[in-house]
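Remarks on the structure that follows.
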């Protein structure tokens, strides 16, 4: 048998059923793994090991009595530090935020607890999730298990580092521009942005309606299970979408689906090695029975008005800050706050109007196609200390979220699924996007692709120390 920390969540559930493992044995094994790799990776900003052991003990008793509490009973799960867990502080990766414990769980965490999940702790994020690499003045740098000199991406970088190194089989991230999908892509994982409204929220934050909590796992089946739990309705959010069946069917056929594919979007390209690797995967969807066609949505670059929406959110988050608080902020977050404070109400409403027009254009494209398959990011992971990788003369991508953020704008479901490694052995995945509300179809296609390519549950068992700085 594999080490418990190497097992996917659905494999752990099977082991519990057969009484090959108990949740207490699993949590002890995962905490032992954390002791090995967490000092190198810096994936967690808050842990409560005794609380996790207590929850695992309670789950062990449930399994022993034949009284499984829910779909995630005894499964270790981490929570990004933008989401409230009662009794743990939510610092938002910010030195300007207090360390006061949250009074109540966020709705998706309530759903996790009711399903029997064991919360490991809070994972690192850049300040308020504002950028696509995971470092902050509060928590420092989070490293990629595949190469500890490289970034995990962001902003759910702590979640990705934890999953890819065996510190739990499931994590909840958030995605406002690719923040589940980008780190999943860079760390060889599955990361999903659900449809806007699929997962209930306690309140609409500064980055709403762009951002949503999303599942991050090492298999598509686990992502579907985790999203199914997260998405259960909650009275705090009257605008949540009606429930749908997210269970994965073992039948891997995609017969009857029309799937478009492209390697460019809104004028943005991907690096040749990324485009070539992703394009080699497109025929898999035809082999699975889909009607495949090369087609690209006819949309303009949305990044200018997307930036307006983000900057206004940054300004809202810092609206009660003093000058002393502002001085503690990450310089790049402070720049966004200042740009947001300079916006007028007219400029903000114009950005929302542009968002609506962009969403309508994309919806017209998806009238013709069920799914769109394309790169997740224009490059693989890159060296720590850079917000974006250096540009090459042939690059037309404005930012590395150019393939992900458009679907935060539209609210559509999108998932990244790993399929291999390219340059220097770094992982790479592709992105599958569906019509608004069709999270089930996205998961179905992702599961079929995963089953065909055989890349489920990949992780790094030997985490190497970063190279010493050169003299």
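Residue-by-condition table, conditions (1) in contact with a helix residue (DSSP H, G or I) (Cβ under 9 Å, 6 or more places away or on another chain); (2) in a loop (DSSP other than H, G, I, E, B); (3) crowded, with 16+ Cβ neighbours inside 10 Å:
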position: 2; (1), (2), (3): yes, yes, no
position: 14; (1), (2), (3): no, no, no
position: 21; (1), (2), (3): yes, yes, yes
position: 26; (1), (2), (3): yes, no, yes
position: 30; (1), (2), (3): yes, no, yes
position: 39; (1), (2), (3): no, no, no
position: 50; (1), (2), (3): no, no, no
position: 71; (1), (2), (3): yes, yes, yes
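Checked against (1) in contact with a strand residue (DSSP E or B) (Cβ under 9 Å, 6 or more places away or on another chain); (2) under 25 Å from residue 11 (Cα atoms); (3) assigned to a loop (DSSP other than H, G, I, E, B), residue 461 meets all criteria but (1).
Please find, among 248, 259, 244, the residue that is in contact (Cβ under 8 Å) with a residue 24 or more places away in the chain and in a strand (DSSP E or B).
Working: 248 fails: in a strand (DSSP E or B); 244 fails: in a strand (DSSP E or B).
None of the others qualify; the one that does is 259.
May I ask you to list the residues in the range 271-292 that are over 25 Å from residue 380 (Cβ atoms) and assigned to a loop (DSSP other than H, G, I, E, B)? Result: 288, 289, 290.
For residue 234, the conditions (1) surrounded by fewer than 24 Cβ atoms within 10 Å (Cβ to Cβ); (2) closer than 25 Å to residue 317 by Cα; (3) at pLDDT 95 or above are fulfilled apart from (3). Number of residues in the range 80-120 that are closer than 19 Å to residue 215 by Cβ and without any contact (Cβ under 8 Å) to a residue 12 or more places away in the chain equals 1. Taken over the range 208-231, residues that are under 27 Å from residue 313 (Cβ atoms), in a loop (DSSP other than H, G, I, E, B) and at pLDDT 95 or above amount to 3. Taking the condition of being in a strand (DSSP E or B) and surrounded by fewer than 19 Cβ atoms within 10 Å (Cβ to Cβ), how many residues in the range 352-399 meet it? Counting residues in the range 352-399 that are in a strand (DSSP E or B) and surrounded by fewer than 19 Cβ atoms within 10 Å (Cβ to Cβ) gives 1.
Under the condition of being in contact with a helix residue (DSSP H, G or I) (Cβ under 6 Å, 6 or more places away or on another chain) and assigned to a loop (DSSP other than H, G, I, E, B), which residue from the range 114-130 is nearest to residue 60 (Cα to Cα)?
If we filter the range 114-130 for residues that are in contact with a helix residue (DSSP H, G or I) (Cβ under 6 Å, 6 or more places away or on another chain), which is where we start, we get 115-116, 118, 120, 123-124, 127-128, 130.
If we keep only those that are assigned to a loop (DSSP other than H, G, I, E, B) as well, we get 115-116, 124, 130.
Details: 115: 14, 116: 11, 124: 29, 130: 39 Å.
Once the filter is applied, the top-ranked residue is 116.
Counting the residues of the range 411-447 that are in a strand (DSSP E or B) and either out of contact with any helix residue (DSSP H, G or I) (no Cβ under 8 Å at 6 or more places or on another chain) or within 23 Å of residue 306 (Cα to Cα) (or both) gives 9. For the range 142-153, the criterion of being over 13 Å from residue 382 (Cβ atoms), at pLDDT 95 or above and touching a strand residue (DSSP E or B) at 6+ places or on another chain (Cβ under 6 Å) is met by no residue. Given the structure, is residue 57 under 18 Å from residue 8 (Cα atoms), touching a helix residue (DSSP H, G or I) at 6+ places or on another chain (Cβ under 7 Å) and modelled with pLDDT of 95 or more? So residue 57 fails the test.
Only helices (runs of 4 or more DSSP H) whose full extent lies in the range 293-351 are considered here, and the ones with at least 2 residues that are buried (at least 17 other Cβ atoms within 10 Å of the Cβ) and at pLDDT 95 or above are 303-317, 331-341.
The values are calculated or read from the model by the stated rules, or taken from the named source; none is laboratory data. Computed from a predicted model, the values in this text were never measured in an experiment. All Cβ positions, glycine included, derive from the backbone under ideal geometry; neighbour counts span all protein chains shown.
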